[in-house]
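Student: Let me give you the structure first, and then I'll get to my questions.
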Amino acid sequence: MLLGGNLGDRVLNIEKAKQLIEERAGLIIRESALYETEPWGTTESPFFLNCTILIKTLLEPDDLLNVLLQIEMELGRIRTGKINGSRTMDIDILLYGQRVLDSEYLQIPHPRMHLRKFVLIPLNSIASDFVHPVSGRSIGQLLGSCSDDLLVNEYEPVLL
């Protein structure tokens, strides 16, 4: 999963999201560092903070999606219909083992993950050898061939 947001207390929102995911969806097995990332598709938004997590869940993908949408809403996510807009929290299911799903509301693997370094860099740090079930390429290979040139840097909080 990819967690991220660019509004409010970004670190706190990600920490709350992880806590709620563990309470409602499954155990976090691995997590990446936080990455500060240039917004995709716009230059008018503040930078995002993103991380990836790997969870062990008993929920089916549709049920997992419903839980994650509820968590987003509780953390102040307002869906405006604007693509790539600012938000307090966005939680994307990137992969679900080797499952492939294409429904009206959910596509697994995430259909654009291979195009975005803000997804691939943190995902590579926790699952570089995982093989994408459609492309047959590892996350490390996908990252190596990704042409996205937006900034993605490990986040270093400013201590006062």
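The values are calculated or read from the model by the stated rules, or taken from the named source; none is laboratory data. Just so we're clear, the structure is a prediction, and the values are computed from it rather than from any experiment. Quick reminder, even Gly has a Cβ in these numbers, built from the backbone with ideal geometry, and neighbours come from all protein chains shown.
Student: Out of the residues in region 132-155 meeting the condition of being in contact (Cβ under 8 Å) with a residue 24 or more places away in the chain and aliphatic (A, V, I, L, M), tell me which one is nearest to Leu34 (Cα to Cα).
Tutor: Of everything passing the filter in region 132-155, Val152 is nearest to Leu34 (Cα to Cα).
Student: How about region 1-42: which of its residues are of a type in the set (D, E, K, R) and modelled with pLDDT of 95 or more?
Tutor: Passing the criteria: Asp9, Arg10, Glu15, Lys16, Lys18, Glu22, Glu23, Arg24, Arg30, Glu31, Glu36.
Student: So is Arg112 closer than 13 Å to Leu2 by Cβ, among the charged types (D, E, K, R) and in contact (Cβ under 8 Å) with a residue 60 or more places away in the chain or not?
Tutor: Taking the combined requirement at face value, the residue does not satisfy it.
Student: Output the number of residues of region 114-129 satisfying the condition of being hydrophobic (A, V, I, L, M, F, W, C) and either surrounded by fewer than 19 Cβ atoms within 10 Å (Cβ to Cβ) or at pLDDT below 95 (or both).
Tutor: The qualifying residues number 3.
Student: Is it fair to say Met89 is closer than 26 Å to Glu156 by Cα and in contact with a His (Cβ under 9 Å, 6 or more places away or on another chain)?
Tutor: Here the answer is no, as Met89 does not meet what is asked.
Student: So which residues in region 128-155 are in a helix (DSSP H, G or I) and within 18 Å of Val100 (Cα to Cα)?
Tutor: Ile139, Leu142
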